[in-house]
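Trainee: Below is the structure I would like to discuss, written out as structure tokens.
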Amino acid sequence: MERYVVTTRLKPGAAPAAEELLLAGPPFDPAGAGLSAHAAYLGGDRVFLVFEGDAAHAKALALAKQYVVEVSRWEDLVWELPAVVDDVPADARCVYRWPALARSRLE
């Protein structure tokens, strides 16, 4: 299994709009895309997207190409192109997670 994490920096004041997009979930079905897990985090002035599963990197790139209109909604919210990072910082807040954890595990 592969874990692929990308991040980008949000423009000042863009966090509420970014959170709204993330709360709506991805424009694709993670299971249908062949992922075993998918999550989105906000931390400081950054957004982090996590893709997990076999060939997660290749699948994430294919999804970005397939959903270019949906990806373009982020254009007004971010300063830079996404960059690959090793992991999500511990202080980042999870906004979306699939599969969702049972409520008792979140508390």
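The values are calculated or read from the model by the stated rules, or taken from the named source; none is laboratory data. Here the structure is a predicted model, which means the values were calculated and not measured. Note that each Cβ is placed from the backbone with ideal geometry, even for glycine, and that neighbours are counted across all protein chains shown.
Trainee: Quick test of your reading of the structure: L49 fulfils all but one of (1) over 17 Å from V88 (Cβ atoms); (2) of a type outside the set (D, E, K, R); (3) outside any loop (DSSP other than H, G, I, E, B). Name the failing condition by number.
Mentor: Among (1) over 17 Å from V88 (Cβ atoms); (2) of a type outside the set (D, E, K, R); (3) outside any loop (DSSP other than H, G, I, E, B), the lone unmet condition for L49 is (1).
Trainee: Read through the list (1) closer than 16 Å to Y96 by Cβ; (2) more than 14 Å from the chain's Cα centre (by Cα); (3) in a loop (DSSP other than H, G, I, E, B), then give the number of the only condition that D76 fails.
Mentor: (1)
Trainee: Among residues belonging to the stretch 32-45 that are touching a helix residue (DSSP H, G or I) at 6+ places or on another chain (Cβ under 8 Å) and part of a loop (DSSP other than H, G, I, E, B), point out the one that is surrounded by the most Cβ atoms within 10 Å (Cβ to Cβ).
Mentor: Here is the first cut: in the stretch 32-45, the ones touching a helix residue (DSSP H, G or I) at 6+ places or on another chain (Cβ under 8 Å) are 33-35, 40, 42, 45.
Now drop any that are not part of a loop (DSSP other than H, G, I, E, B), which leaves 33-35, 45.
Numbers: A33: 17, G34: 15, L35: 24, D45: 14.
Applying the filter and picking the extreme gives L35.
Trainee: Quick check, is A62 on the phi < 0 side of the Ramachandran plot and either surrounded by 15 or more Cβ atoms within 10 Å (Cβ to Cβ) or not in a helix (DSSP H, G or I) (or both)?
Mentor: Details: on the phi < 0 side of the Ramachandran plot: yes; either surrounded by 15 or more Cβ atoms within 10 Å (Cβ to Cβ) or not in a helix (DSSP H, G or I) (or both): no.
Taking the combined requirement at face value, the residue does not satisfy it.
Trainee: Right, something else. Of (1) within 13 Å of the chain's Cα centre (by Cα); (2) surrounded by fewer than 18 Cβ atoms within 10 Å (Cβ to Cβ); (3) under 20 Å from W79 (Cα atoms); (4) not acidic (D, E), P12 satisfies all except one. Which?
Mentor: Result: P12 fails condition (1) only.
Trainee: What is the residue count in the stretch 77-103 for residues that are at pLDDT below 95 and out of contact with any Lys or Arg (no Cβ under 7 Å at 6 or more places or on another chain)?
Mentor: The first filter runs over the stretch 77-103 and keeps only residues at pLDDT below 95, leaving 79-82, 99-103.
If we keep only those that are out of contact with any Lys or Arg (no Cβ under 7 Å at 6 or more places or on another chain) too, we end up with 81-82, 99-103.
So the count comes out to 7.
Trainee: Moving on to the next point. Show the residue pairs meeting these rules: Cβ distance below 6 Å; 6+ apart or different chains; first residue within the stretch 7-31 and assigned to a helix (DSSP H, G or I); second residue crowded, with 18+ Cβ neighbours inside 10 Å and among the aromatic types (F, W, Y).
Mentor: The qualifying pairs are L22/Y96.
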